[in-house]
Amino acid sequence: NLSFEEIYATIYSEDSEYYRCKALSEDNGKILVRFIDYGNTETKSLKEILDLPQSLKKYPPSAAKVFLLDTASVSNQKENQAILEDALLGQKIQISLEVVNGNKLAKVYIDNKRMDLKFVDMNMNEEEGVFQDLTLPVDEIVKGSVVYVEDTSAVWFTPAAVQGSLDDLMKRLEVASSSLNKVPNPQEDRVYGARFSADQVIYRCVLKRKDEKITAHFIDFGNSEDKSEDDFMELPHELKSIPAAATKLNLKDCELDEYKIEDLLASDDVEVVTGKDGFATFYRERVQLLPKKVDKVCVYSDCRTFVVKCSTKFSTTGYILQMRIVKCSYFTLF
């Protein structure tokens, strides 16, 4: 007699090994079981489910199901699961649980740093091929890499959690490149393929028009270049529907030119915090990377105290703010 409370054993189809399991449901002789030490499920027949000695039943399950706070509203489709697997499988993670509307939801950490998963959402737009942007959470630390410096006021950033999916996307584009056809009438803000002139590799892009000028904006890296309508190629639906892998981040009051910005941020181990004002601050090993212009230096009349006011608040991050005093006079610095 099958019990939904008992622990049994059954063979996992992918490796033909026995694992402990529990029955979840039964329908016309088909039994859905969960492998309690790993969390995955399979459908079995009754004869494939075996009883276990009590000595193997007494151990508690080695895996526990947790609901992720950042992906609570994300659709449970294969593409989203693939992004999560790229980001989490094989990682040593920590979780913290908090109660939201009566439900226990988990935040994920790696090396004690909060991992952002809010952008793990590959819901298809109702209108096929419409560009889907990537956004980062506000006032939270996101690890990744700067893939393009647009100018002294903006850079393009790819979160580490989507890098594996981007690598897979580029491989799929390479395989499909020989069979892609030109778009007869390309539309603005639709996702297409186009070759980047510097390496002649096909990348995803959206078409932008300004007056008579046509531009391809490469959505997974942030750069753009002028094109003609004949340069745009139709992509398969599964390649068009994936959201952009890079997002534009605005810099505030950066004193460096774009070449120095690129030198400082050219790494895959930077961290970024996007503030409520829409501006981003970059760190490496908890030290701010890009110096900001100081608003003012005030000296009080006792000539012993000075105040440096900076343009951005960092109290929510716990990170080190690098400042420099631009003018000192008529007082002693203690």
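The values are calculated or read from the model by the stated rules, or taken from the named source; none is laboratory data. Owing to the predicted nature of the structure, the values given are computational and were not obtained by experimental measurement. Using ideal geometry, Cβ is built from the backbone for each residue, glycine included, and neighbour counts are taken over all protein chains shown. Surface accessibility is based on the protein's heavy atoms, side chains included, excluding ligands, DNA and RNA. Shrake-Rupley method; radii C 1.70, N 1.55, O 1.52, S 1.80 Å.
Residues whose amide H lies under 5 Å from that of A245, counting only those 5 or more places away or on a different chain, are D220; hydrogens are built 1.01 Å from N in the peptide plane. Out of every Cα-Cα pair that segment 13-93 contains, those further apart than 17 angstrom amount to 61 percent. Once the Cβ-Cβ distance of E5 and F67 is raised to the sixth power relative to R0 = 22 Å, the FRET efficiency obtained is 0.45. Gain on full extension, evaluated as 0.36 nm per residue between S197 and D151 minus their Cα-Cα distance, stands at 14.5 nm. Quick one: which of K78/K143; K113/K240; K78/K252; K143/K182 span more than 29 angstrom between C-alpha atoms? In this structure, K113/K240; K78/K252; K143/K182 exceed 29 Å between Cα atoms. Ordered from largest to smallest accessible area (heavy atoms of protein chains, 1.4 Å probe), the residues V270, V201 come out as V201, V270.
Applying the Karplus relation 6.51 cos²θ - 1.76 cosθ + 1.60 with θ = phi - 60° to segment 89-97 yields 3J(HN,Hα) values of 4, x, 8, 8, 10, 10, 10, 10, 9 Hz, where x marks Gly and Pro. Each peptide in 250-256, 62-68 was scored by the mean count of other Cβ atoms within 10 Å over its residues; highest first, the order is 250-256, 62-68.
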